[in-house]
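Only the coordinates and a few stated rules stand behind these numbers; no lab work does. What you see is a predicted model; the values in this text were computed from it and never measured. Glycine also receives a Cβ, built like all others from the backbone with ideal geometry; neighbour counts cover every protein chain displayed.
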């Protein structure tokens with residue numbers, strides 16, 4: 001299996017969430033109201049799965065290794081575009097979080113921002129995924145030997161195995177920092 005296979009499989013699940021958001025968008029436009037819990041869960045999915053897990057493997061493994069190679073200008077341009085798109089996705093998702101919070105506080109004017117941000121995401125993700133699947137992932141595998149590909153695949157497995165631990169460790173660290181609670185430094189994640 002190539003290291004891009006899990007990434008392409010993950011794209012299928014991301015596409016399913018985007019379809020759900022597209023249906024929610026249509027409902028919002030019809031009813032002039034939204035389901036804040038659905039948006040919260042969609043945001044959690046985008047942040048935890050699409051961004052931290054999926055984009056994390058792309059940026060922290062695949063792109064890192066690709067930057068060590070002498071690659072074509074075309075592939076370098078696409079990789080930089082993908083990195084910028086990840087940043088944009090994070091920004092828009094954060095704006096959706098803020099608008100959803102305002103909506104739950106009764107600020108109905110935030111509904112237009114919610115519509116705008118969801119519209120962006122349902123347009124953005126399919127184009128982003130198509131660029132990776134059809135124009136980037138397959139051709140860049142030629143830069144890597146079989147051994148390098150196997151190493152990246154294994155590193156991706158370890159990355160996934162640690163993901164849930166990273167997510168909740170980050171939450172704990174955030175709460176400790178807010179409450180000025182000293183935290184214990186530990187290398188326990190190295191054993192997962």
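Okay, here's what the table says:
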item	result
Choice from 84, 176, 109 with maximal GNM fluctuation in the chain (Cα, 10 Å cutoff)	176
The chain, relative contact order in percent, only Cα pairs under 8 angstrom and at least six apart counted	33 percent
Stretch gain in nm, segment residue 1-residue 181, where the contour uses 0.36 nm per residue and the Cα spacing is subtracted	60.3 nm
Volume per residue that the Cα convex hull of region 1-50 spans, once the total is divided by residue count, Å³	57 Å³
Candidates 150, 160, 51: whichever shows maximal mean-square fluctuation once the chain is modelled as a Gaussian network with Cα springs under 10 Å	150
Proxy reagent accessibility, fewest Cβ within 10 Å first, across 38, 21	38, 21
Contour excess over end-to-end distance, with Cα ends at residue 83 and residue 48 and 0.36 nm allotted per residue	10.9 nm
Sequence of 114, 77 once ranked by neighbouring C-beta atoms within 10 Å, starting from the fewest	77, 114
Rounded tilt (10° steps) of 4-31 against the dominant C-alpha axis of the chain	10 degrees
Proxy reagent accessibility, fewest Cβ within 10 Å first, across 49, 103	49, 103
Inter-site label distance for residue 26 and residue 115 at 7 Å from Cα along Cβ, in nm	1.7 nm
Unit Cα scatterers, Debye sum, the chain: log10 I(q)/I(0) for q = 0.09, 0.12, 0.18, 0.20 Å⁻¹	-0.41, -0.70, -1.22, -1.34
Cα centroid separation - region 65-87 against region 110-177, whole Å	15 Å
Candidates 162, 22, 70, ranked by Gaussian network fluctuation over the chain, Cα under 10 Å, top entry	70
